[in-house]
Amino acid sequence: EAARRAEVALARNEAEPLQLALRSAVAREGVTLEVTAPRSEAGATLPEPEVHRVGYVPIDHPTSYYRSDTPEWHRKFPVTPGRCDGWAGWWPDPLLPAAPFDLAPAQTQPIWITLRAPADARPGEYSGSVRLKAAGETLRELPYSVRVWPFALPDERHVIAMYDVRPGRQFLEGGAPAEEVKRRMIQFLSERRLCADRIPADPVFGRDGDRVTADFAAFDAAAVWYFGDMRMPVAYFPGFFYVFGWAHPPKTILGEDPYEGGYPYEGADRSKLRPEYRRVYQAALRLFWDHIKAKGWADRMVLYISDEPHFTHEEVRRQMRAACEMIHEVDPKIRIYSSTWRHCAEWDGHLDIWGIGHYGCFPMEEAGRLRREGHQIWFTTDGQMCTDTPYCAVERLLPHYCRS
């Protein structure tokens with residue numbers, strides 16, 4: 001049965017999408033869309049809608065973590081079994097410009113219309129229409145309504161929904177500098193009230209003999225834009241302060257190794273970092289911490305110490321405790337985060353924010369205890385979102401996580 005009317009509701013200072021599914025029994029070429037701006041009976045209008053066509057990508061094998069160093073135009077072959085719950089076929093993914101397009105017979109083509117209400121929009125009912133045309137003929141006209149609620153979402157963001165900004169080579173092939181590409185991606189996230197992971201410029205740390213130095217000029221300019229213009233609620237410390245990942249030993253800092261003997265430090269006591277390593281790391285950390293406190297950014301920054309640390313290894317458990325103690329000696333108020341997924345009792349009192357798996361691998365009684373003791377719990381969803389996931393289970397749970 002053909003749809004008679006589409007409806008959407010939103011607060012002021014908010015955007016909401018309206019999705020229409022087009023389907024024709026016969027082929028239609030050169031189809032165009034005309035979407036009128038919503039207008040109230042009193043004559044008030046909302047901004048012109050953004051109109052996109054949903055594109056599809058072919059997937060010939062259930063997805064997983066695949067990587068390939070072959071040219072972009074080479075067909076890729078999976079080397080491990082798929083780990084998602086999808087299947088081979090065409091899957092909706094990109095939002096494409098709504099240029100004239102063709103409708104194949106008996107195939108659904110979604111249209112994605114984004115409607116916005118400014119912070120000063122008048123509350124009430126607005127109406128508009130979507131007109132579908134081809135070869136000068138109007139194929140269908142569908143009215144739609146927009147209800148604007150009598151309250152506005154605040155400019156200040158409180159919910160932390162972080163996505164890493166990592167432009168790969170395909171994002172950089174146009175010749176734009178990496179920092180410019182990162183800024184565009186951060187702005188994209190900000191417009192959707194999401195949060196990026198890092199400020200798009202780092203301080204420059206160095207050594208002048210025994211003295212650790214820092215240049216904050218580029219970082220400060222980027223931080224003002226990130227926290228101010230983009231209204232981001234949080235950011236990780238610069239990657240300089242990231243210590244280790246997985247089961248690797250701590251990284252070298254300004255030429256100082258964490259242990260004696262050279263990498264991979266066989267036989268080293270991982271619970272005892274070299275004194276000069278500690279001194280240099282703490283000197284840089286103190287410079288940075290004092291600087292962001294003076295700027296008023298300290299309570300919005302988190303030190304991401306380790307990604308997925310392999311705590312089944314005793315040496316990893318020891319080096320994490322040693323690294324956290326080194327950091328907290330500078331100031332116990334520095335919040336240390338790690339995406340542990342699971343609970344490691346030996347790190348209680350060392351980590352301040354636990355990144356836990358969302359599928360029950362972290363005992364909820366432990367999560368509750370940690371929160372009561374003043375620690376924070378963040379859900380980590382790395383690797384849980386695939387294009388060919390039919391019910392978008394994790395994506396649908398994200399609002400629940402935020403509410404929790």
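In the chain, taking the dipole from charged Cβ atoms about the Cα centre, the farthest positive-side position among V159, G357, V302 is held by V159.
Quick one: which of 40-47, 353-360 comes out on top by average Cβ neighbours within 10 Å, and what's the full order, highest first? If you can, show how the numbers build up before the last one.
Details: 40-47: 12.9, 353-360: 18.0.
Descending mean neighbour count gives 353-360, 40-47.
Taken over the stretch 121-277, the ratio of Cα radius of gyration to 2.2 N^0.38 Å equals 1.65. For F362, nonlocal amide neighbours, meaning residues 5 or more places apart or on other chains whose placed amide H falls under 5 Å from its own, are G357. Across the stretch 2-63, the volume of the C-alpha convex hull divided among the residues equals 185 Å³ per residue. Using every pair of distinct Cα positions in the stretch 214-314, the Kirkwood expression returns a hydrodynamic radius of 15.4 angstrom. What is the magnitude of the charge dipole of the stretch 210-272 about its Cα centre, with +1 placed on the Cβ of each Lys and Arg, -1 on the Cβ of each Asp and Glu, and no other charges, expressed in debye to the nearest 20? About 240 debye. Give the residue from Q109, G174, H291 lying farthest towards the positive end of the charge dipole for the chain; charges sit on Cβ (+1 for Lys and Arg, -1 for Asp and Glu) and the dipole is referred to the Cα centre. It is Q109.
The protection proxy used here, the mean number of other Cβ atoms lying within 10 Å of each residue, ranks peptides 308-315, 386-393 as follows, highest first: 308-315, 386-393. Set the Cα radius of gyration of the stretch 1-123 against 2.2 N^0.38 Å, with N its number of residues, and you get 1.42.
Leaving out ligands, DNA and RNA, and with a 1.4 Å probe, what % of the accessible surface on the stretch 316-404 is carbon or sulfur?
Answer for the stretch 316-404: carbon and sulfur cover 49 percent of the accessible area.
Per residue, the convex hull around the alpha carbon atoms of the chain comes to 198 Å³. Averaged per residue, the stretch 209-261 has 41 square angstrom of accessible surface, using a 1.4 angstrom probe with ligands and nucleic acids left out. I'd like to know which of A27, Y144, A99 lies farthest towards the positive end of the charge dipole of the chain, counting +1 on Cβ of Lys and Arg and -1 on Cβ of Asp and Glu. Among A27, Y144, A99, the one farthest towards the positive end of the dipole of the chain is Y144.
Applying both filters, DSSP loop and at most 16 other Cβ atoms within 10 Å, to the chymotrypsin sites (Phe, Trp or Tyr not before Pro) of the stretch 83-151 gives W87. Shape summary of the stretch 320-404, radius of gyration then Dmax from alpha carbon positions: 14.7, 48 Å.
Among the trypsin sites (Lys or Arg not before Pro) within the stretch 1-46, which fall in a DSSP loop and have no more than 11 other Cβ atoms within 10 Å of their own Cβ?
R4, R5
Looking at the stretch 7-67, the chymotrypsin sites (Phe, Trp or Tyr not before Pro) that sit in a DSSP loop and have at most 14 other Cβ atoms within 10 Å of their own Cβ are Y65, Y66. Remark on the stretch 365-404: ratio of C-alpha radius of gyration to 2.2 N^0.38 Å is 1.47. Judged by a Cβ-Cβ distance under 4.7 Å, the unpaired cysteines of the chain are C195, C324, C344, C361, C392, C402. In this Cβ point-charge picture (+1 for Lys and Arg, -1 for Asp and Glu), the chain has a dipole of about 640 debye about its Cα centre.
The values are calculated or read from the model by the stated rules, or taken from the named source; none is laboratory data. Fair warning: this is a prediction, and the values are worked out from it, not measured in the lab. Using ideal geometry, Cβ is built from the backbone for each residue, glycine included, and neighbour counts are taken over all protein chains shown. Just so you know, the surface numbers come from the protein's heavy atoms only, side chains and all, with ligands and any DNA or RNA stripped out. Shrake-Rupley method; radii C 1.70, N 1.55, O 1.52, S 1.80 Å.
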